[in-house]
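Some notes on the structure that comes next.
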């Protein structure tokens, strides 16, 4: 008799209504939620371990991304999903059901942001690995530009997730999107200069008119590129000071990039006096050619008797230096000049320089 009373009391307790559902229904929902949560945790560990093993054996972007995604599954999100599964056995009010849907949407949004961040990072890392310097280091200019690209990508992802969550919460996102569009136009107009420099920085990185370490001239300014920032590019002038250019202004200017020079074309003239004999004049192109070819890396192009100048017979010579470095060019030009001076001096040919000769006529009467 006593046992029957206890059984009836237990049954009555299980049938007690708690927040609109019998107690046994709550126990079943909690049990299902815990069971699903533990199963998901075990599956998460197995999948993550397997993905890491595959990524180590076959280190490809796809396998590395899969390993990152499997290892970044949020436990809180799994708990929310498990609880939502358990709640399917409960008779919930419309408000409570809406709360469960919002919680699931938030958890899914957080997980989507985490996965999206890893996806963006893997794509940017692959892009960075494909663009390296001659020393095998990441491209500094590209590394600088990836910061705003990553920021904008994450901002877009976050905005989409927030809109989806708000839509599940019953918020009218249509009016919000329209408001964001108008606000975005206002912000873009207010920050037009900043955005112009930002997009100019991205354009510099993508189009590569110059890179960090290049020696360039911008209008009448020249220097070595030190850094390419989000708003400005900084050059180090030959005299030591730093030159700062807005990226948008830089793209509107005429830029000479001496780093892209494969070989340097050199043109120079040699002037000799009018008293030089014709046979000596015919030998000068050969002497110039030999002086150039004795210095490497050079490639002789031509040497011609160009014109009768006011105070000299001018020869014009053209040759190419195979090294674009300015100091190498100056060393070669100096060697060529010295050899020309010695050779022409031995041949008895005098270099011309501006002179004035006065002829005085003395009258017969004296």
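Remarks
- Candidate set from region 231-260 (those that are farther than 17 Å from residue 199 by Cα and part of a helix (DSSP H, G or I)); member that is farthest from the chain's Cα centre (by Cα): 258
- Search result, residues across region 132-159 that are modelled with pLDDT of 80 or more and in contact with a helix residue (DSSP H, G or I) (Cβ under 7 Å, 6 or more places away or on another chain): 153, 154, 157, 158
- Residue match in region 200-217 (condition: in a strand (DSSP E or B), closer than 15 Å to residue 251 by Cα and more than 16 Å from the chain's Cα centre (by Cα)): yes
- Residue match in region 266-275 (condition: touching a helix residue (DSSP H, G or I) at 6+ places or on another chain (Cβ under 6 Å), farther than 24 Å from residue 212 by Cα and either outside any loop (DSSP other than H, G, I, E, B) or assigned by TED's automatic domain parsing to the domain that holds residue 214 (or both)): no
- Residue 167 being modelled with pLDDT of 65 or more and either farther than 19 Å from residue 205 by Cβ or loosely packed, with under 12 Cβ neighbours inside 10 Å (or both): yes
- A residue that is touching a strand residue (DSSP E or B) at 6+ places or on another chain (Cβ under 6 Å), surrounded by 14 or more Cβ atoms within 10 Å (Cβ to Cβ) and part of a helix (DSSP H, G or I) occurs nowhere in region 299-316.
- Only residues that are closer than 14 Å to residue 269 by Cβ and surrounded by 10 or more Cβ atoms within 10 Å (Cβ to Cβ) were counted in region 334-359, giving 6.
- Region 345-360 residues that are farther than 17 Å from residue 282 by Cβ and outside the structural domain of residue 310 (by TED's automatic domain parsing), paired with ones that are part of a loop (DSSP other than H, G, I, E, B) and at pLDDT 90 or above (beta carbon under 6 Å, 6 or more apart): 352/273; 352/312
- Looking at region 45-131, the helices (runs of 4 or more DSSP H) lying wholly inside it that each contain 2 or more residues that are out of contact with any helix residue (DSSP H, G or I) (no Cβ under 6 Å at 6 or more places or on another chain) and at negative phi sit at 75-87, 94-130.
- Filter result (in contact with a helix residue (DSSP H, G or I) (Cβ under 6 Å, 6 or more places away or on another chain), within 23 Å of residue 277 (Cα to Cα) and free of Cβ contacts under 8 Å to residues at least 24 places away in the same chain) within region 290-331: 303
- Against the list (1) exposed (fewer than 14 other Cβ atoms within 10 Å of the Cβ); (2) at pLDDT 80 or above; (3) over 30 Å from residue 166 (Cβ atoms), the condition residue 55 fails is (1).
- For residue 244: the one exception among (1) crowded, with 17+ Cβ neighbours inside 10 Å; (2) under 30 Å from residue 328 (Cβ atoms): (1)
- Test set (1) assigned by TED's automatic domain parsing to the domain that holds residue 320; (2) buried (at least 17 other Cβ atoms within 10 Å of the Cβ) - residue 280 fails condition number: (2)
The values are calculated or read from the model by the stated rules, or taken from the named source; none is laboratory data. Just so it is clear, the structure is predicted and the values come from calculations on it, not from any experiment. We place every Cβ from the backbone using ideal geometry, glycine too, and count neighbours over all the protein chains shown.
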